[in-house]
Amino acid sequence: MLWSARLPSPEPAPRTVDVVLFDTKAPETKLPDAQPEPSKAEPPLVEIPPMPDLPPVKLADSPVAAPPAADATPAPAAASAPAAAASPPPPPPTPLAKAAPSTPPKLFEECAEDSDRHMIADVYRLTAGNQSVFDMRRRKPIKRVCLAQLDIAPRPFREGFPGLGSTVEWFGLDIRFTVNIAETATWEVMLLADDGAVLSIDDENVIDNDGIHAPTPVATSIKLEKGLRNFRVRYFQGPGPDLALMLAWKKPGAADYSYLPRSLIGRPPASMLAQLQPKE
C-alpha cells in the first residue's frame, strides 16, 4: 500500500517588469526670425564744389573833392605819369558803290568765231498749227544763232532773235554741239521742254518729248562711250508767250541732276553744219 502525500504547489517567483515612460511632446513651431526694421537711408551729402579763385576786383577811382587849402599857396601836386596817347579812331568804312542794274544775258546771240557759246542753232519759221519738231524738215533755216547752255527755265519769251524782229512764237531750233565724255558710263539724261523737243546722240533719238504741251520733263538712261559724242536737240515753240528748254544729266552715283558743264561742250564739226546753211 502506497501512501501519497499532496505537496503544496510552489509559489511562482516574482517577475520584474521594466516600465519605460515616453514623454510625447508636440513639435515646436519655429517662428521666422524677426526681420530688423529697415533703417531709413539717409540722403547723401551734397558736396559743394569749392569756389574758384576770383580775380581781384578793380574799382574805378571815384572823384573826391579836395579839402579847402589852409593857405593861399597850394601844395605842389605830385608828379603823375604821362597819360598814354589815345590811338586814332579807325577810318570810316568805304561806302559801297551802287551796283548797276544787271541785265540778264540774252538767250541767243550771233555766232562769232571767238565766242564761248558753243551750241549752234539754226532757226526755222513755222506756221501756226505745226505740232512737231519734224515739221522743220520741209523748211529751210532763216538764221543761225549760238547758245551757251540749254538752261532756259520756263519764262516768257519776248526778246526774239537777233536780226529777226518779233519772232517769239511758231519757230523751230535745230541745235548741234559736242560733249566730251570723260569715261564710259551709264548716265540719266533729262530733257524738259515747252513745247516739243527731241534729243539725239550720235544720230540716235534717245528722248522724244515732242508735241505742244506745258513744261514737261522726260528722262532716260543711256550708256555713253568715252570721247566726243555728237548731241542734237530739235525744239519748236508753238503759241507764246512762254517757252522752256532744259537739258541736264545725272552722273553715276549722283542724287540730283545738273546742267552739262560748259567746259565739256564744244562746237559741232563743220560737216554737220554744211547741210544746214541759212537761207539767203
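Listed values, structure above:
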{"quantity": "Simple label model, 7 Å out from Cα along Cβ direction - D242 to L264, nm", "calculated": "3.0"}
{"quantity": "Theoretical gain in end-to-end length, A254 to E188 [0.36 nm per residue, Cα-Cα removed]", "calculated": "22.8 nm"}
{"quantity": "Distance between region 153-179 and region 198-276 - C-alpha centres, whole angstrom", "calculated": "15"}
{"quantity": "Long-range HN-HN contacts of F177 with modeled amide H, under 5 Å", "calculated": "F231"}
{"quantity": "Under the Karplus curve 6.51 cos²θ - 1.76 cosθ + 1.60, θ = phi - 60°, whole-Hz ³J(HN,Hα) for region 238-253, x wherever Gly or Pro sits", "calculated": "x, x, x, x, 8, 8, 7, 7, 10, 10, 9, 9, 10, 5, x, x"}
{"quantity": "In region 175-256, the GluC sites (Glu not before Pro) that fall in loop regions by DSSP, at most 14 other Cβ within 10 Å", "calculated": "E183, E225"}
{"quantity": "Cα-based shape type of region 140-280, given that a ≥ b ≥ c are square roots of the gyration tensor eigenvalues and the cut on a/c is 1.5", "calculated": "oblate"}
{"quantity": "Pairwise FRET efficiency - D151 versus K226, Cβ, R0 = 25 Å, nearest 0.05", "calculated": "0.50"}
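Laboratory data are not the source of any read-out in this text; all were calculated from the coordinates shown. Predicted, not measured: the structure shown is a model, and the values here were computed from it. Note that each Cβ is placed from the backbone with ideal geometry, even for glycine, and that neighbours are counted across all protein chains shown.
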